[in-house]
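For reference, the structure discussed in these notes is given below.
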Amino acid sequence: MNIKLIYTRLKADIDLIEQELERAVGSSSTILEEASVHLLQAGGKRIRPVMLLLGAKFGDYDIHRVKYAAASLELIHMASLVHDDVIDDAVIRRGQHTVKAEWDNRIAMYTGDYIFAAALDCMTQIDDVEAHRILSNTMTELCIGEIVQIQDKYRYDQHLRDYLRRIKRKTAILIAASCQLGAIASGAPASIHRKLYDFGYNVGMSFQITDDILDFTASEKELGKPAGGDLLQGNITLPVLYAMEDEEMRQHISSVHAHSSREEINDIIDRLKSSDAIEQSHVLSRRYLDRALAILNELPSGRHRNSLRDIAYFIGKRKY
């Protein structure tokens, strides 16, 4: 199925989530509301809300209930992006100025905090202790992941397990929680929502690895930000780890620092793309994707399962 068809079928429900997002970031503070809406209007694929909606299809689906969980997960994602941009000193996000660039770091940090609070407020509409436990654990792990990423900046002696643990916390766990919380919000049995968590985790791992590949292979127009930005910021991603298995590449890459020139970064990108690091990264991404699809096959069949499969394929094989 075409990914656009899935979004078309869910359009009315996605529109309700967008309305809830707008309501959630409303504020008596003009600056807070403007900064929050600025990020909201930048758009995005809304992958997490869509996967949450599809997870909810395995239970007693009621959009007027599950929309709160969907909005909460997307708000957590948005808040983390605002904070990320401050840490990374990023000027462009999704092709437009970041909140920190449009205002300043102080406004951006409090905007991120405000959006996190809005996410918690949304979730109060879901009267389920386990759902709140999962959400709090997800937020905790997300924050730990961000701290670890800061600690690991420009640390060129790290290992594959460091990278995988980091992306689990930064990305995979939020997608996993989206799938699981949709099912919980619709009253699906534990046997189903736990499998949906495992499915989402593996999809999330594939998603982040693909994202890290695209940071080297996609154009600035496709990325909405300069290529190679992760390396310049000192974030050691999977293609870099594989490339550094070659001693000559390790010497080139380990010379990168916060003030490296664009020319130096472009030279490393060219060298990395001519190595087998990209293909090795694709192999691991596909391995996680295959695990996700195997788990999905254990769930009840139907259109929603097919849609999750198609989204998983889209995530693992996307070009932008």
What distance in nm separates the simple spin-label points at ILE147 and THR124, each placed 7 Å from Cα in the Cβ direction?
-> 2.7 nm
Helix axis angle, 190-217 relative to the chain longest principal axis, alpha carbon, degrees = 30 degrees
What is the distance in Å between the Cα centres of region 127-145 and region 29-73?
-> 16 Å
For the chain, with every protein chain kept in place, what is the accessible area per residue (1.4 Å probe, Å²)?
-> 44 Å²
Sequence-distant or interchain residues sharing an amide H contact under 5 Å with ALA227, placed H: which?
-> GLU220
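Could you tell me which of rounded, prolate or oblate describes region 192-320, using a ≥ b ≥ c as the square roots of the eigenvalues of the alpha-carbon gyration tensor, with rounded for a/c under 1.5 and, failing that, prolate when a/b is larger than b/c and oblate otherwise?
Here region 192-320 falls in the prolate category.
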Ratio of Rg to Rh over region 169-257 (Cα coordinates, Kirkwood Rh, two decimals) | 1.16
Where the only charges are on Cβ atoms (+1 Lys, Arg; -1 Asp, Glu), what is the dipole of the chain about its Cα centre, to the nearest 20 debye?
-> 1120 debye
For the chain, averaging the sequence separation of alpha carbon pairs under 8 Å that lie six or more residues apart and dividing by its residue count, the contact order in percent is 20 percent
Please work out the Cα center distance from region 283-316 to region 211-258, rounded to the nearest Å.
-> 28 Å
Rounded to whole Å and sorted largest first, list the principal axis extents of the Cα atoms in region 16-119.
-> 44, 27, 18
Ratio Rg/Rh [Cα only; Rh per Kirkwood] for region 240-304 | 1.26
Quick one: give the max-minus-min coordinate of the C-alpha atoms of the chain along each principal axis, largest first, in Å.
-> 57, 48, 32
Rounded tilt (10° steps) of 47-56 against the dominant C-alpha axis of the chain | 30 degrees
Label region 87-191 by shape, choosing from rounded, prolate and oblate, from the square roots a ≥ b ≥ c of the eigenvalues of the Cα gyration tensor; if a/c is under 1.5 it is rounded, and otherwise prolate applies when a/b is larger than b/c, oblate when it is not.
-> oblate
Angle, helix 63-88 long axis vs. longest principal axis of the chain, Cα atoms, 0 to 90°, nearest 10?
-> 20 degrees
Quick one: pull the percent of accessible area on the chain belonging to carbon and sulfur, 1.4 Å probe, ligands and nucleic acids left out.
-> 49 percent
Hits in region 1-22: amide N under 18 Å from the 7 Å Cα→Cβ extension of ARG309, namely 1-7
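The values are calculated or read from the model by the stated rules, or taken from the named source; none is laboratory data. Keep in mind it's a predicted model, so treat the numbers as computed, not measured. Note: ideal-geometry Cβ built from the backbone for every residue, glycine included; neighbour counts use all protein chains shown. Just so you know, the surface numbers come from the protein's heavy atoms only, side chains and all, with ligands and any DNA or RNA stripped out. Shrake-Rupley method; radii C 1.70, N 1.55, O 1.52, S 1.80 Å.
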